[in-house]
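Peer 1: Dropping the structure in here first, questions after.
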């Protein structure tokens, strides 16, 4: 049932009437008495609203009364917002400039506005409207006296006491489903089931855990080894075209919005041809006829024998159409498992109850959930915030309304919503505008909440965005969101809603919210928030009824294509919206193909949120956009042709977010930007490359001086060497990421002039809390002292700093997880220290990713020193002593996971990396650091292994097979790529100890002129799945022993001009699923025996994919 929530709106009205600007404006119009009376009336009504909203579910008359009140309260909200807009306009007119002539002109305008006649007429209209609204409110209030509401003057707000260590609800832990998992595994892995394509349907009620079970199977180690390709598609409504498109994206990562169905069929078949795959079709609601399913099944039949499809659905009818075996009916959890799950979410870790009465009450509540995991999780997360002493009252008062069987899971979920504070109820209901299974951007959601006035803080020192993030965290902690993702700084970025939770949001949102499907032209006049559930890129797709929906406050394009839409619509979409929706507070027109933003956009005086991003053809914005005085968020990301921001942007005094990532044609920032002191997000600041531009239009870095509320990432482009940028005052801004890019043209000028190039960086000292720092094209020789004070850095990148000879000491960066050094052409040593000065055998203990690229003069991590006591020894003995001593004491990276070394031919010494597990790429660089790492066990150096805590801290969950814990160096490495080693000759023996690579999954040899055949040591790689050989001009033959590579699934040979034959044994390599042969001219000759082998491959019933 729809929930009427007015309390936060009334609170917002009272708050909006408080600012001095509004009071002053009311005084000028002599309507301060009317405003005070309205404020008092709303305050009186607000005192009883919390009780009225609580009772509406059980009393239809109260609900009707609230609906009457809601209409008038929203009228008051609109009027007060209009009053606030006029007050802001007057305030700006009075303070716009210090220029006397402008002041005189503005004063004349003000005088004209408030001339006696105009003032009397305007005052009369305003006073009349105020009195009308108040009289109506008083009338409705009197009608409600018979309900005898209790007064409650304030509401409990977000506590946010849910600390990170208690976030167990974030992880996909599973209780009580082990037998179910084994049953599904048997059906898709059992070799005795003779079916080319196995289709297993998991059937169960909503919230029972069908998707969770499918995920457990999907990520199982045996499944990962068994299936070459795994794909996951969220279906809901079964549309063949969209399902095929999602399969293509899951398999290849490529978007498919513009493909016709025939092309999609070909793409799917190309991806699955000859592969044993597993496809999960999650949450299938309906398949209208068998024919559509059979068409999809035929497309998917090209996979290898043993391929499988898992379907999750609530409906037996879907299972009967799709499943090739008996559907698996997933039941509820038993009492024991229900209680285990309840304890997990309702109590802090290690604080499980031991008092009998609490245990009994908890079990009674758990049993009321009927074994439904979603209901248990939802109620348990809610009770986490209550004292267990209050649980019996909750059980008696609330669960008594639910049938004893506990079968009404939706009613259980509704209970957790009922206990939300009213401001969170509005935030939750708003989420119904997003499609089911939609991935929701957290910051975008918070910005929408702000635009609608849902976010309020009684603490003026706390920013609205921080409060909004707390709101999100609170809803997440109560299990209203799931499948969350975090960014590199640990902040929540994405989330989803369970389909049942989404159903709940739709139910409580009611008539004020509407998600519009394509071709429907039915928008009720009472709708406030509208979402288009289809791609909107032309005015003819806009329903005619939108013109009459005068109360619309939100327009959200929730289902836009990911690819940019070129300008089909010119200004028409925006114009149609402006024509009828004057009360808009949030307008989303991203990727809608707009070429021109109409001047009429300035008429949307209530607008707080405007998204024009991904409209690539917008070149300028109309000056009228600066009349949107309430605007909080302006998104212009990837408006690639946008040349400048509005000249008078300083008028947008409430602007909080200015997102201009990807606006690569911006030439400068406007003068006056620095007056927007509430700015929280400014993704980039572009300095002008030209010095002759009008200084009145072009803003310098002094615009940043007072923008101390900035957070997140800031990119500054076109910095100049020799300039003093201390005026930017970056030290006072608590940024997480700072990217500094110097002008490339200026870098060339540095070589020809004498200037203090270091001064430009000296003045850009950031706050010590900075997490990421990137410098590009900096021309200084050294780095300022403040660099070493940034001890919280997690990522550091230095690009094209060509004069740099040393980088700052890295020892103090204990949290550094990623380091990139690129094109530092003068860098000889990364550390100024000599090797024997190091205080520890471990270096950069948190480093997970290291990129060393285009460093032609880099010799080592540190300077080497001669060892004493070996001068009298022979040269061979001396070399042995030095080698043994060096390798025994060599520092190492304990956590390094990814290492790329490209074009570093002189690098022969660096810390060892025995625990490297993801990627090692060596391109035109020495093999010596690799050899030193592999010789660790020979040299007797102890190899520390990462702990379980270390592995748990790597927030992303890998889909690959976990490697066995071992002390052998590089035994965990999964991907190795060796490129451009022109002198590397494998024919002289095993220059690499291949046996060490126990977990190697993929191996690439590229541009190795000395490589004539595959090294014999590869026979020891039991887990090798993919082998790539490319651009090896002297490669002649693939050895017969390739049949010993029992796990090899893909062999790609490309651009091998001297490869003359393929071994017959290759045909007997039964694991091979894909064979790629490209630009191998001698193999392509018709007389070549290799042609017979290829024909033989192609004639098999399951041929590997051959690109020839």
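FYI, it's all coordinate maths here, none of it is from the lab. These figures come from a predicted structure and were not determined experimentally. Don't worry about glycine lacking a Cβ; one is built from the backbone with ideal geometry, like all the others, and counts go over all protein chains shown.
Peer 1: For a distance above 18 Å, tell me the whole-number percent of Cα pairs in the stretch 245-290 that qualify.
Peer 2: More than 18 Å apart: 38 percent of the Cα pairs in the stretch 245-290.
Peer 1: What FRET efficiency do you get for residue 61 and residue 724 if R0 is 51 Å and r is their Cβ-Cβ distance, rounded to the nearest 0.05?
Peer 2: Efficiency computed from Cβ-Cβ geometry: 0.10.
Peer 1: Let me ask another. Let me check I have the definition right: for the stretch 283-423, take the eigenvalues of the Cα gyration tensor, multiply each by 5, take square roots. What are those semi-axes in whole Å, largest first? Don't skip to the end; give the middle numbers.
Peer 2: Working: eigenvalues 326, 56, 36 Å².
Result for the stretch 283-423: semi-axes of 40, 17, 13 Å.
Peer 1: Need one number: % antiparallel among DSSP beta bridges in the stretch 188-329, to the nearest 5.
Peer 2: On the way: 0 of 22 bridges.
Beta bridges within the stretch 188-329, antiparallel portion: roughly 0 percent.
Peer 1: What order do you get for 374-384, 618-628 when each peptide is scored by the mean count of other beta carbon atoms within 10 Å, highest first? If you can, show how the numbers build up before the last one.
Peer 2: Numbers: 374-384: 24.7, 618-628: 18.3.
Going from most to least packed, we get 374-384, 618-628.
Peer 1: Just the Cα atoms of the stretch 985-1035, one point each, no solvent: what log10 I(q)/I(0) does Debye give at q = 0.13, 0.18, 0.24, 0.29 Å⁻¹?
Peer 2: Scattering profile of the stretch 985-1035, log10 relative to I(0): -0.29, -0.57, -0.96, -1.21.
Peer 1: Just the number: Rg to Rh for the stretch 188-329, Cα atoms, Kirkwood Rh, two decimals.
Peer 2: Reported Rg/Rh (Cα atoms, Kirkwood Rh): 0.93.
Peer 1: Taking neighbour counts of Cβ atoms within 10 Å as a proxy for exposure, in what order, fewest first, do 142, 608 appear?
Peer 2: Fewest-to-most ranking of 142, 608: 142, 608.
Peer 1: Using a basic spin-label model with each label point 7 Å from the Cα along Cα→Cβ, how many nm lie between residue 335 and residue 785?
Peer 2: 7.2
Peer 1: By per-residue mean of other Cβ atoms within 10 Å, what is the highest-first order of 358-366, 329-337?
Peer 2: The packing order, highest mean first, is 358-366, 329-337.
Peer 1: I would also like to ask the following. Is the shape of the stretch 579-733 best called rounded, prolate or oblate, per the rule: a/c under 1.5 gives rounded, else a/b larger than b/c gives prolate, else oblate, with a ≥ b ≥ c the square roots of the Cα gyration tensor eigenvalues?
Peer 2: prolate
Peer 1: Additional query: Could you order the peptides 773-786, 275-288 from most to least packed, using the average number of other C-beta atoms within 10 Å per residue?
Peer 2: So the peptides 773-786, 275-288, ranked by packing, come out 275-288, 773-786.
Peer 1: Just rank 483, 143, fewest to most, by other beta-carbon atoms within 10 angstrom.
Peer 2: 143, 483
Peer 1: Running Debye on the stretch 422-511 with equal point scatterers at the Cα sites and no solvent, what base-10 log of I(q)/I(0) appears at q = 0.18 Å⁻¹?
Peer 2: Evaluating at q = 0.18 Å⁻¹ gives log10 I(q)/I(0) of -0.77.
Peer 1: Let me know the Rg and Dmax you get for the stretch 344-487 when you use only its Cα atoms, in Å.
Peer 2: Considering the stretch 344-487 through its Cα atoms, Rg and Dmax are 16.7, 49 Å.
Peer 1: If I stretch the segment between residue 540 and residue 132 completely, what's the gain in nm (0.36 nm per residue apart, minus their alpha carbon distance), one decimal? If you can, show how the numbers build up before the last one.
Peer 2: Values: separation 408, 0.36 × 408 = 146.88 nm, distance 3.90 nm.
Contour length minus the Cα-Cα distance gives 143.0 nm.
Peer 1: Most exposed first by the Cβ proxy, i.e. fewest other Cβ within 10 Å, how do 369, 431 rank?
Peer 2: Least crowded to most crowded, the residues run 431, 369.
Peer 1: Normalising by the residue count of the stretch 188-329, find the relative contact order in percent from Cα pairs under 8 Å and 6+ residues apart.
Peer 2: 41
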